Amino acid sequence: MAISAQLVKDLRERTGAGMMECKKALVEAEGDIEAAVEVMRKRGLAKADKKAGRVAAEGAIIIAQSDDARRGAIVEINCETDFVAAGDDFKGFADEVAQRVLEDAPEDLDGLMALKLASGDDVETAQKALIAKIGENVQVRRFARYETSGVLASYLHGSRIGVMVELEGGDEDLARDLCMHIAASNPVHVTPDEVDEALVAKERDILVEQAKDSGKPAEIVEKMVEGRLRKWLGEITLVGQPFVKDPDQTVGKLLESKGARVVHFTRFEVGEGKEKKQENFAEEVAAQVKGS
């Protein structure tokens with residue numbers, strides 16, 4: 001029978017298994033997703049199935065660079081606990097995945113998951129095997145890859161924050177200083193021109209409403225709004241931020257003095273945007289007592 005792509009996607013999200021494994025199970029179960037889950041359990045995938053829905057908000061940022069510093073890769077891989085993130089199994093898998101990104105240049109996450117590792121397994125299969133072995137959910141979450149004729153540098157703050165910067169002009173020392181600045185100051189964009197116009201308009205509306213309460217004349221309110229908007233744009237863009245090593249000058253002024261331009265940067269922080277599960281044992285015990 002024909003199995004829809006949506007059905008395969010639903011089973012994949014539920015189990016964390018590969019697309020082909022999900023499709024085979026659905027064919028065998030004649031399109032019944034519950035029966036397909038049972039099929040996968042019988043094939044020894046139950047443990048990974050059970051773990052795949054759990055929140056993975058710990059993990060590591062991994063960076064790989066070519067010897068000539070012309071190519072680089074930065075990857076975030078998540079697990080459930082920092083204990084597992086520090087283990088050799090997790091770190092070995094993470095390092096190998098980062099190397100594949102560097103060497104094979106996948107276009108997207110699906111492309112990365114299909115790449116072959118040294119074991120002969122693809123990344124997705126190896127990830128599932130790791131889940132089964134360590135008993136925690138593991139997710140390859142995101143990556144960025146660089147290839148440049150300019151200057152490329154990276155910085156890891158422990159294993160939780162990673163930054164990669166591409167420069168036009170300047171040198172490696174400047175690029176590394178900028179990596180450390182970005183790790184500390186977390187800019188969203190390089191320049192104000194890159195900030196979405198709708199976001200700027202929304203911020204302006206908020207500032208106008210705030211300024212109206214001042215009771216000042218309209219022309220003064222307008223100047224107040226524009227001043228505050230410039231300040232906000234400076235805070236969220238790299239070139240507007242005070243340089244961490246010399247707060248008396250902005251990063252923009254530093255770049256100008258060095259004849260350099262930031263082409264692009266990536267800053268990954270472990271678990272960024274993910275909601276960590278908060279355990280409340282008192283509530284858990286109360287629920288169990290109530291249930292009994």
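The values are calculated or read from the model by the stated rules, or taken from the named source; none is laboratory data. These figures come from a predicted structure and were not determined experimentally. A quick note on method: Cβ atoms are made from the backbone with ideal geometry, for glycine too, and the neighbour counts reach across all protein chains shown.
At-a-glance table
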item: Sole exception among (1) in a helix (DSSP H, G or I); (2) farther than 30 Å from C79 by Cα; (3) at pLDDT below 85 for E283, by number; result: (2)
item: Residues of the stretch 137-171 satisfying the condition of being in a strand (DSSP E or B), hydrophobic (A, V, I, L, M, F, W, C) and in contact with a Leu (Cβ under 9 Å, 6 or more places away or on another chain); result: V140, F143, V151, L152, A153, V163, M164, V165, L167
item: Any hit, the stretch 114-122, residues being free of Cβ contacts under 8 Å to residues at least 60 places away in the same chain, aliphatic (A, V, I, L, M), assigned by TED's automatic domain parsing to the domain that holds V101 and touching a strand residue (DSSP E or B) at 6+ places or on another chain (Cβ under 9 Å); result: yes
item: Residues of the stretch 16-33 satisfying the condition of being within 25 Å of V138 (Cβ to Cβ) and either free of Cβ contacts under 8 Å to residues at least 40 places away in the same chain or assigned to a helix (DSSP H, G or I) (or both); result: M19, M20, E21, C22, K23, K24, A25, L26, I33
item: Evaluation of V188 against (1) over 30 Å from D89 (Cα atoms); (2) surrounded by 16 or more Cβ atoms within 10 Å (Cβ to Cβ) (one fails), failing number; result: (2)
item: Residue satisfying all of: in the stretch 55-94; of a type in the set (A, V, I, L, M, F, W, C) and assigned to a loop (DSSP other than H, G, I, E, B); surrounded by the most Cβ atoms within 10 Å (Cβ to Cβ) among these; result: A56
item: The stretch 5-20 - residue that is within 22 Å of the chain's Cα centre (by Cα) and surrounded by fewer than 16 Cβ atoms within 10 Å (Cβ to Cβ) and, of those, modelled with the lowest pLDDT; result: E13
item: The stretch 95-134, residues that are out of contact with any Asp or Glu (no Cβ under 7 Å at 6 or more places or on another chain) and not in a helix (DSSP H, G or I); result: A105, P106, E107, D108, S119, G120, D121, D122
item: Of all residues making up the stretch 157-173, the number that are crowded, with 19+ Cβ neighbours inside 10 Å and farther than 28 Å from R141 by Cα; result: 1
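Let's see how each residue does on (1) within 20 Å of the chain's Cα centre (by Cα); (2) over 16 Å from M19 (Cβ atoms); (3) in the same structural domain as Q65 (by TED's automatic domain parsing):
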position	(1), (2), (3)
D95	yes, yes, yes
Q99	yes, yes, yes
L112	yes, no, yes
K133	no, yes, yes
N137	yes, yes, yes
